[in-house]
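Asks: Dropping a structure here in C-alpha cells format, bear with me for questions.
Rule-based calculations on the coordinates, nothing more; no lab input. Just so it is clear, the model here is predicted, and its values are computed rather than measured. Positions of Cβ are backbone-derived with ideal geometry, glycine not excepted, and every protein chain shown enters the neighbour counts.
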Amino acid sequence: MENNNDAEVLGKGKRHWYAIHTYSGYENKVSANLERKVHSLGMEDKVFHIMIPMENEEIVDDDGKKRIVARKVFPGYVLVEMIVDDRTWYVVRNTPGVTGFVGPDNKNPVPLADEEVDRILSEANRVAEAGGEEEAAAEEAARPVKIHIDLSLQQTVRLKSGPFAGFTGVVSAIDDEHGTVKVLVDMFGRETPVDISYTQVEEID
C-alpha cells in the first residue's frame, strides 16, 4: 500500500476521534466497510472505534401519534477513534462512500475537541441504556396531537437538549407534520444540519 506523504496532520501519531464525511445515506455502509477493512488488514491497534452517533427523538407520525425513534445526530458523518498515520489515512479516505476527513484541506484531519467527544459519547450511552424503555413508554402514552411549530426559516435558535445542548444554530427547514426542524449548527468546522424535535429548541430573544 502506498504512503501518502502529504497526510501531515494535527495530532498525528496520537489516539483521537475524527469526523469522516460521507455521501448522504451512506453512513451505515461506510461504517460496515471500514470495520471489515480494519479487521482484514489487522489494523485494530490503530483504528479503535467506528461510530454513527444516534439520539432518541420524539416525533409525530402521520396519524398524529407521538413515538420515540433513534435518529442520526450528524447525517453524512461517521466518527472514528484512531491513530492517524499515512496508512490509516489512506485506508479510511479510500473506503467506498467516504468523501474525506473533516479538516482544512482533507489531507489534514483535525481531531474533535474533548468537549465534543464527551458530549457525543454521553448521549450515545444514554440512548443505548434507554433503548426500548423510552419507546415503550411513548407508545403507551401515544395520542393524536396537532403540531404547530412557531418558528420561522433563518431564525436563530438555541438547542436545549441532546449532544448539542447549549449550541445555537439557524433554522433551515420546518416539518410541521412530524414536529421536527432542521437546524444548521457550527460543528466540525462547518455548518452541520441537525434534524431535531421542535421541543428541543428555543427562540433566542
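Asks: Given the options His21, His39, name the one that is surrounded by fewer than 18 Cβ atoms within 10 Å (Cβ to Cβ) and out of contact with any His (no Cβ under 9 Å at 6 or more places or on another chain).
Replies: His39
Asks: If you don't mind, there's one more thing I want to ask. Please identify the pairs in which a residue from segment 25-37 that is polar (S, T, N, Q) has its Cβ atom under 8 Å from the Cβ atom of a residue that is surrounded by 13 or more Cβ atoms within 10 Å (Cβ to Cβ), counting only partners at least 6 apart or on another chain.
Replies: What qualifies is Asn28/Ile52; Ser31/Ile50; Ser31/Met51; Ser31/Ile52; Ser31/Val78; Asn33/Thr95; Asn33/Gly97.
Asks: A further question on this structure: Output the residues belonging to segment 94-114 that are closer than 16 Å to Met187 by Cβ, in contact (Cβ under 8 Å) with a residue 12 or more places away in the chain and not in a strand (DSSP E or B).
Replies: Listed by number, the residues that qualify are Val102, Gly103, Pro104, Pro109, Val110, Pro111, Leu112.
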